[in-house]
Amino acid sequence: MATVKSDGGSTSYYNIPEYATDLQDLIEYKRMEFGIGNIFKACYRFGGKDGTSKRYDLNKIIFFAKRELARMDRDEDAVISP
């Protein structure tokens, strides 16, 4: 998906497809990697899942963010030194 330049006003990257009825539809629409999808879901439910806390969700977000950064680093290294 191409990036969209923003001038601070309303932009198309906030548009939701008409067929989207749940988070999984948005995750698939945006072609999110597994970890990013988990971050997205944890942000959406932040502190709202029975049996978990906001701290749990923040730790989950941090865990998957670190994994995603490591994956990106590996991908960049693979491109630089084949």
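If you place +1 on the Cβ of every Lys and Arg, -1 on the Cβ of every Asp and Glu, and leave all else neutral, what size is the dipole of the chain about its Cα centre, to the nearest 20 Debye?
400 debye
Between (1) 46, 31, 25; (2) 45, 43, 23; (3) 37, 28, 21, which entry matches Cα extents along the principal axes in Å as derived from the coordinates of this structure?
Identified label for the calculated read-out: (1).
What does the net charge come to around G47 if you take all other residues with beta carbon closer than 11 Å to its beta carbon, with K and R at +1 and D and E at -1?
Surrounding charge for G47 is +2.
When the helices in the chain are scored as -39500 (n - 2.57) per DSSP H run of 4 or longer and the sum is shared across all residues, what 222 nm value do you end up with, to the nearest 500 deg cm²/dmol?
About -18500 deg cm²/dmol.
Count of lysine pairs in region 21-80 with Cα atoms under 16 Å apart, counting only pairs 8 or more residues apart in sequence or on different chains?
5
Using the 10 angstrom Cβ neighbour count as an exposure proxy, how do M72, M32 rank, fewest first?
The most exposed by this proxy come first: M72, M32.
Given contacts defined as C-alpha pairs under 8 Å and at least six residues apart, what's the relative contact order of the chain, whole-number percent?
Over the chain, the number comes to 20 percent.
Give me the net charge of L69's neighbourhood, meaning all other residues with Cβ under 14 Å from the Cβ of L69; Lys, Arg count +1, Asp, Glu -1.
Charge balance in the 14 Å sphere: -2.
Putting +1 on Lys and Arg Cβ atoms and -1 on Asp and Glu Cβ atoms, find which of N38, G51, T21 reaches farthest to the positive end of the dipole of region 21-80.
Value computed over the given set: G51.
FYI, it's all coordinate maths here, none of it is from the lab. Computed from a prediction, not measured in an experiment: that's the story for all the values here. Methodologically, a virtual Cβ is constructed for each residue, glycine included, from the backbone with ideal geometry; neighbour enumeration extends over all protein chains shown.
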